[in-house]
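Visitor: Here it is, the structure, as structure tokens.
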Amino acid sequence: MRLFTLCHRLKVFPLFMAAGAWLWGMGVSASVFQKGKQVVISNLHVIDDDLYVWGEDFSMEGTINGDLTVGAMGVKIYGQVSRAVNVSGLKVLYAGKCGGAYRSCVYEQTIEGVVGGSAVAIGNLIELGKGAVVEHDFWAAGGTLRLDGLVKGRVWARVRHIVITGQINGNVELHSENLTIRPPAIINGNLTYYSNNAPDIDTAGVTITGTVRHERPDSGALEHRLSIVQNTLFRISGLIAAFLLGAILLRFCCPYVETSFRLVTANFATSLAAGLVLLGVIVLSLIVLMMSALAGLIGQALIASGGAGSVFGSILLVFSILALPISGFFGLSGSIIFYLGRIVVALLVGGLVTRQLSADRRVPGYGAMFLGLLILSALFAVPYAGTLIYLVVATIGAGALVVGVKRCREAMRQSAAGA
């Protein structure tokens, strides 16, 4: 619960969902993409394909014969979607109808429409209105959940506060601090409630056909699950950040990336050797950085003590002032190059999997890079061995980047001299 609360306060869930929707859309060629400050799909519009929208405000009253994926601050959906709805933002009103699943990650959302499949909702405030109908299961996580509509399947929720007045035809499993069930609520299944607080159920007007079970949560198991979720979110955010950085490099620094990619595919030994040298420079820079920081502290102490040691303290202080920025620059620059190195290797891995490696060793596209980063992230997650794999991948990729940038700049200088 603390993790979900923190994520919603920082509003990072919409960022994850929006980035995920954008990445999903990049691999789809036969789709409709719209972006802008205000995107409006009127009741006269009929889109016979998937629709991907990115903007500030989105309003939809038309018909979409495909999937709808939206990332916007404010979202209002009144029309019909033949398949799934995927939405992220700050405030969403869904009063339409979809034939597939409804998936959302929104700070505040109200569901008043019909969901033909299952519904997954993450947010600080989730409201399933009286007119809402979910044909299958309903899953919720976040802050507060109000369930006033109809769910024909099961309900699973992990939120802080829950209020139920609607109808649920399946089993219900709730993890919450507070649970309130008021008439005319109907639960045609078993109710299992995990909390340290007793539920507030109006037995006079509430119908529960199954058994009601209240259990205390296992704090150790809960902390373990939260740790897993936190690590998963951290890895997802790292994957998205690496992909966005790789997309920027391919867009604005393509010659350097192309030269480095050709080097890692054609001359693996050179990339490894250059990477080992760079790793040694980083280690040496960190050692010098710590020594210079220690020398600065000792120098200040000797100068403050006075006497003959003040001269030696002044020398140590000058050394610290000169060495700190230099060693810090080399250490930071080397670490950044090491981080970028896995992008080069991800292009190689993704190209091998998607069979996009050509005879002229052209750089694969964004989809192959994302797939390569996904495979590498899975390998990095392996206990113990993942750290070694990351070190090897980063060393090879960083070495290819260093040599590739050097060769590319030399070629540019020769071209300029020839001109």
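Visitor: Counting Lys and Arg as +1 and Asp and Glu as -1, what is the net charge of the other residues whose Cβ lies under 12 Å from the Cβ of SER377? Don't skip to the end; give the middle numbers.
Guide: Values: positive: ARG235, ARG342; negative: none.
Here the charged neighbours net out to +2.
Visitor: Looking only at LEU322, LEU250, LEU93, which one moves most when the chain is put into a Gaussian network model with springs between Cα atoms under 10 Å?
Guide: LEU322
Visitor: Give me the extension gain from VAL32 to ASN169: residue separation times 0.36 nm, minus the current Cα-Cα distance, reported in nm with one decimal.
Guide: Stretched out fully, the VAL32 to ASN169 stretch lengthens by 45.6 nm.
Visitor: Continuing with this model, one more query. Modelling each spin label as a point 7 Å along the Cα-to-Cβ direction, I'd like the PHE252/ASN43 distance in nm, to one decimal.
Guide: Computed distance between label sites PHE252 and ASN43 equals 4.6 nm.
Visitor: If we count every other residue with Cβ under 9 angstrom of GLY142's Cβ, Lys/Arg +1 and Asp/Glu -1, where does the sum land?
Guide: Working: positive: ARG158, ARG160; negative: none.
Summing Lys and Arg as +1 and Asp and Glu as -1 gives +2.
Visitor: Please check: in the Gaussian network model of the chain (C-alpha springs, under 10 Å), which one of VAL277, VAL163, VAL172 has the largest mean-square fluctuation.
Guide: In the Gaussian network model the winner is VAL277.
Visitor: Now for a separate question. What per residue convex hull volume, in Å³, comes out for segment 222-418 when only alpha-carbon positions are used?
Guide: It is 171 Å³ per residue.
Visitor: Could you tell me what a quarter of the Cα convex hull surface of the chain works out to, in nm² with one decimal place? Show your work: numbers first, answer last.
Guide: On the way: hull surface 119.3 nm².
Answer in nm², one decimal: 29.8.
Visitor: With labels modelled as points extended 7 Å from the Cα through the Cβ direction, what inter-label distance (nm, one decimal) is found for ARG213 paired with THR387?
Guide: Those two pseudo-labels are separated by 4.0 nm.
Visitor: Same structure again: Show me the chymotrypsin sites (Phe, Trp or Tyr not before Pro) within segment 311-413 that DSSP assigns to loop and that have at most 13 other Cβ atoms within 10 Å of their Cβ.
Guide: In loop regions of segment 311-413 (DSSP not H, G, I, E or B), the sparsely surrounded chymotrypsin sites (Phe, Trp or Tyr not before Pro) are TYR384.
Visitor: Considering only LEU284, LEU272, LEU379, give the residue with the highest GNM mean-square fluctuation for the chain, with springs between Cα atoms whenever their separation is below 10 Å.
Guide: Most flexible of the set in this elastic network: LEU284.
Visitor: Using a simple spin-label model with points 7 Å from Cα along the Cα→Cβ vector, what separation in nm is obtained for ALA269 and HIS136?
Guide: 5.5
Visitor: Starting from the Cα of LYS152, draw a straight line to each of the lysines and keep only those under 28 Å, dropping any in the same chain fewer than 8 residues away.
Guide: Answer for LYS152, where 28 Å is the Cα cut-off: LYS76, LYS91, LYS97, LYS130, listed by chain and number.
Visitor: Determine the gain in length on full extension of the stretch PHE319-THR354; use 0.36 nm per residue of separation and subtract their C-alpha separation, reporting nm with one decimal.
Guide: 7.3 nm
Visitor: So, one more: Going by Cα centres, segment 296-350 and segment 88-130 are how many Å apart?
Guide: 52
Visitor: Report the full-extension gain for the segment LEU276 to GLN300: residue separation times 0.36 nm, less the Cα-Cα distance, to one decimal in nm.
Guide: Here the answer is 5.0 nm.
Visitor: Could you work out the equivalent-ellipsoid semi-axes for segment 48-159, taking the square root of 5 times each eigenvalue of the Cα gyration tensor, largest first, in whole Å?
Guide: Semi-axes, largest first: 20, 16, 11 Å.
Visitor: Another question about this same structure. Output the Kirkwood hydrodynamic radius of segment 2-217, Cα pairs only, in Å rounded to one decimal.
Guide: When all Cα pairs of segment 2-217 are included, the Kirkwood radius is 17.5 Å.
All of the numbers you see were taken from the coordinates with simple rules; none came from a lab. Quick caveat: nothing in here was measured; it's all calculated off a predicted structure. Note: ideal-geometry Cβ built from the backbone for every residue, glycine included; neighbour counts use all protein chains shown.
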